[in-house]
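What follows is calculated from the coordinates using simple rules that are stated; it is not laboratory data. A quick note: this is a predicted structure, and the numbers were derived from the prediction, not measured. Cβ atoms come from the backbone with ideal geometry, glycine included; neighbour counts cover every protein chain shown.
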Amino acid sequence: MEKRPEFQRILIKLSGEALMGDQGFGIKPEMINFVAGEVAKVHNLGVQVSMVVGGGNIFRGVAGSSAGMDRAAADNMGMLATVINSLALSDALEKKGVPTRVQSALSMDQVAEPFIRLKAVRHLEKGRAVIFAAGTGNPYFTTDTAAVLRAQEINAQILFKATKVDGVYDKDPVLHEDAAFIPEISYMHVLERQLHVMDMTAISLAMDNNLPLQVFDLHREDNILAAVCGQGVGTRIYSSEE
């Protein structure tokens, strides 16, 4: 049966931890190759794909600041870690035949383009995947917030958060055996119940701009493809008024 995409322009948020596989640190070649293959399947349907990658597999700013480092310095290091991941993902996608551009919120012209909104949109229209690196370019903002911001700026129809869990639960499923899976939930309920889907700033920004979010397991084959084709993978977060 032919796959028909439900969305024409999307943004995929990948956690840095997803790229390290079972290593505990760094980038696992097999994992980044798998991720690139999953993204390529969606790109091959003609969907305009953009991505934001975290940096937690290399350096996490909050962890650095909790260890006594200045928070702004630690976050700057975290942003540089996302550039490393973005370049690795770009290379893997190019090897899969997906033309890719990396745009960085921090100026580093020798390795990435500067983030220019209209240029990013033009890349997407020409069939190139765009990876937004270095978060928002500012400390104190997570890559979740950067993903929502970039999705809004390029007018993406939905933000997919591909992570290590299969969706949203009412409590941590790792710690609680009786945790209940939630297939659909409103932004406000996520905020009120303080569910750790994304940070509160990201959820609030998505709610203010009515950007639908979908959370699902990255590690299951064809999950990104299924989500793009509207097959109800994971948890959908949207306005309760819809």
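If you count the DSSP beta bridges with both ends in the chain, what percent of them are antiparallel, to the nearest 5? Roughly 15 percent of the DSSP beta bridges within the chain come out antiparallel.
Across region 217-228, coupling constants 3J(HN,Hα) worked out from phi with the 6.51/-1.76/1.60 Karplus curve, θ = phi - 60°, read 7, 5, 7, 8, 4, 6, 5, 5, 4, 5, 5, 5 Hz, and Gly and Pro carry x.
Placing +1 on each Lys and Arg Cβ and -1 on each Asp and Glu Cβ, with no other charges, gives region 116-242 a dipole about its Cα centre of roughly 820 debye.
Each label point was placed 7 Å from the Cα along the Cα-to-Cβ direction; for Asp91 and Ala180 their separation is 4.7 nm. How many angstrom separate the Cα center of region 59-106 from the Cα center of region 128-148? Taking the Cα centre of region 128-148 as reference, the centre of region 59-106 is 9 Å away. A Gaussian network model of the chain, with springs between Cα atoms under 10 Å, assigns the largest mean-square fluctuation among Gly21, Gly55, Gly97 to Gly97.
Here the sum of -39500 (n - 2.57) over DSSP H runs of 4 or more residues, divided by the residues of the chain, equals -11000 deg cm²/dmol at 222 nm, to the nearest 500. When each of Val111, Val148, Val49 is scored by the number of other beta-carbon atoms lying within 10 Å, the sequence from fewest to most is Val111, Val49, Val148. Checking the a/c ratio against 1.5 first, then a/b against b/c, what shape does the Cα gyration tensor give for region 29-98? Prolate is the answer for region 29-98, as a/c is 1.5 or above and a/b outweighs b/c. Residues whose amide H comes within less than 5 Å of that of Ala134, counting only those at least five positions distant or on another chain, are Thr82, Val83, Ala105 (H built at 1.01 Å from N in the peptide plane). Distances between placed amide hydrogens fall under 5 Å for Gly56 paired with Gly16, Glu17, all partners being 5 or more residues away or on another chain. Taking the fewest neighbouring Cβ atoms within 10 Å as the starting point, the ordered list for Met198, Met108 is Met108, Met198. Sequentially through region 74-86, phi angles give Karplus couplings (6.51, -1.76, 1.60; θ = phi - 60°) of 5, 5, 4, 5, x, 5, 5, 4, 5, 5, 4, 4, 5 Hz, Gly and Pro residues having no value and appearing as x. Pairs from the table (Lys96/Lys171; Lys41/Lys171; Lys28/Lys171; Lys3/Lys164; Lys28/Lys119; Lys41/Lys119) lying more than 27 angstrom apart at Cα are Lys96/Lys171; Lys41/Lys171; Lys28/Lys171; Lys28/Lys119. Full extension of the segment from Asn209 to Asn44, taken as 0.36 nm per residue of separation minus the current Cα-Cα distance, would add 56.5 nm.
Summary value for the chain: 22 percent relative contact order, contacts being C-alpha pairs under 8 angstrom separated by 6+ residues. Across region 135-145, coupling constants 3J(HN,Hα) worked out from phi with the 6.51/-1.76/1.60 Karplus curve, θ = phi - 60°, read x, 8, x, 10, x, 6, 10, 7, 6, 5, 5 Hz, and Gly and Pro carry x. Once backbone amide H atoms are built at 1.01 Å from N, Cys229 has Glu6 as its partners under 5 Å, excluding neighbours fewer than 5 places away on the same chain.
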